[in-house]
Structure formats: structure tokens, C-alpha cells
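Some notes on the structure that comes next.
The values are calculated or read from the model by the stated rules, or taken from the named source; none is laboratory data. Everything quoted here is computed from the prediction, not taken from an experiment. Here the Cβ positions follow ideal geometry from the backbone for every residue, glycine too, while neighbour counts run over all protein chains shown.
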Amino acid sequence: MGIMAEKRTWLLGPVPGSPFLVINMVEPSTVGHGAENWWARNARSLKSLFRIAFGLVWLVDGALKFTSGFVNSFPAAVQTAAGNAPSWLSGWYSFWVTQANGNPSLIVYTVGILELALGIAVVAGLLRKVAYVAGVALSLLIWAVPEGFGGPYSPGAGGTDVGAGVIYALLFLALIVFNSVYGVSRYSLDYYIEGRFPSWARLAEFSPWSTRPRNDVPRLSAASESNSSAGVG
């Protein structure tokens with residue numbers, strides 16, 4: 001089966017407001033691999049769908065903080081986590097056990113509000129840079145307090161997983177990677193805000209060339225573009 005190079009437009013910067021050059025190289029593709037090509041062609045849409053689905057999960061999590069009665073079981077959850085924690089974490093859990101017993105409603109409902117706000121931001125694609133970093137921090141806090149860092153990890157204790165919080169944090173890190181690789185997302189409010197206020201990208205984008213859509217980047221000449229494509233039978 002022959003290998004040929006996909007025709008890709010070479011984009012050359014620098015992008016206004018960034019010291020970086022943006023160049024898309026010609027990438028090889030194998031003829032006949034329709035499934036693989038479909039994933040590649042739709043990668044931008046799929047990563048946006050992933051973001052929206054993940055945001056919906058956070059909206060559900062936030063709503064459950066107000067409707068599931070978790071506020072009544074929260075002190076017991078923290079106490080259980082403290083009981084399963086190693087001795088060198090006793091000071092950390094002593095603090096949180098005191099807080100959980102003193103005012104569980106304040107903690108649970110505050111976390112619920114933060115989860116709802118985070119879910120809205122992720123679904124809408126608003127302040128994504130801030131939301132993703134906050135999501136990592138909140139996920140790790142949830143993992144470290146009521147989830148007790150997952151576990152328990154001692155032999156024979158019956159622990160079977162590392163906890164959901166750390167997995168949520170890794171998914172937020174995946175969104176950060178997506179944003180760094182693909183830049184501005186057309187399926188987000190940030191995209192339209194950045195169109196009017198380019199400096200908004202400082203709060204929304206991780207990649208330095210994301211202040212404008214890719215098709216707004218200055219192109220090479222048509223002759224240079226045609227020379228960038230080559231095929232091998």
C-alpha cells in the first residue's frame with residue numbers, strides 16, 4: 001500500500017502579540033485507513049465534545065451536593081478517611097475533621113457552588129485556562145479530604161482504587177494539553193470574546209499563538225504552498 005503526504009498549508013508567523021513562529025509541517029498519511037483518518041479529521045470537534053461532556057459531569061456533581069444529603073454524611077466521610085490515613089497525615093486530617101464537624105454545610109455547599117461554576121465554565125468554554133487550573137486544584141482537594149487519597153493502601157485493607165478525584169485532575173490536565181496543542185476552540189465563548197478583546201486569551205489559552213484563529217495567520221505564497229506537498233506512490 002502506498003504512502004502519500006497529505007496536502008497541508010504551511011502557516012508562518014509570528015502571530016501578532018506572540019514571539020513564536022507557527023508552522024504546520026506536511027504530515028504523512030496512509031491511504032485506505034479511513035477510520036484513523038476520520039479521527040484525525042474530527043479531532044478538534046471531538047476534543048470539544050470531550051470538554052462539554054466532562055463539564056456536564058461537574059454540573060451533576062455540583063447539583064448532587066445540594067440534593068443527595070451528602071452534607072449529613074460528610075463528617076463521617078472525613079472521619080473515615082482520617083482513620084485510614086497513615087500517621088504522618090494525622091495533622092492534615094485532624095484539621096479537616098474539626099472543620100467538617102464544626103460546619104459541614106459551609107464546606108459541602110461551597111464545594112457544590114464551585115463545582116457548578118466550574119461545570120458551567122467548562123461546558124461554555126469560558127475562561128478555560130482559569131477553569132482548568134482551578135479544576136485540577138479542586139479535584140486534588142476533593143481527593144485529599146473526603147476521598148482520603150483513595151485507598152486504603154495497606155495490605156489486606158480492601159482498597160481497590162486510587163479515588164475519583166485524582167482521575168478528574170488528570171482529565172483536566174488532558175484538557176490543558178488539548179488547549180496547548182490545538183489553541184483557540186471555535187466551540188467556546190472564549191473564541192468569540194477573543195475576537196473582540198484579544199487580551200482575553202491570557203485568561204483562556206495556554207498556547208502562545210492562540211490569540212486568533214489559525215486561518216488568520218499570514219500564509220506563505222501559493223508557490224511555496226504547492227512546493228510543500230509531495231507524494232510517493
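Within region 179-187, identify whether any single residue is part of a loop (DSSP other than H, G, I, E, B), surrounded by fewer than 20 Cβ atoms within 10 Å (Cβ to Cβ) and touching a Gly at 6+ places or on another chain (Cβ under 7 Å), and answer yes or no. Before you say what the answer is, go through the steps one by one.
Looking only at region 179-187, we keep the residues that are part of a loop (DSSP other than H, G, I, E, B), and these are 183-187.
Now restrict to residues that are surrounded by fewer than 20 Cβ atoms within 10 Å (Cβ to Cβ): 186-187.
Those still in the list that are touching a Gly at 6+ places or on another chain (Cβ under 7 Å) too: 187.
Yes, region 179-187 contains at least one residue that is part of a loop (DSSP other than H, G, I, E, B), surrounded by fewer than 20 Cβ atoms within 10 Å (Cβ to Cβ) and touching a Gly at 6+ places or on another chain (Cβ under 7 Å).
In this structure, does G150 turn out to be without any contact (Cβ under 8 Å) to a residue 40 or more places away in the chain and of a type outside the set (D, E, K, R)? Before the answer, list the steps.
Numbers: without any contact (Cβ under 8 Å) to a residue 40 or more places away in the chain: yes; of a type outside the set (D, E, K, R): yes.
Taking the combined requirement at face value, the residue satisfies it.
Here's the yes/no breakdown for (1) over 17 Å from the mean Cα position of the chain (by Cα); (2) farther than 30 Å from A76 by Cβ; (3) modelled with pLDDT under 90:
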site	(1), (2), (3)
G135	no, no, no
L171	no, no, no
S188	no, yes, no
S228	yes, yes, yes
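Is there any pair with a first residue in region 36-55 that is more than 19 Å from A124 (Cα to Cα) and a second that is part of a helix (DSSP H, G or I) whose Cβ atoms are under 7 Å apart and which are 6 or more apart or on different chains, and what are they?
That search, which allows pairs on different chains as well, returns nothing.
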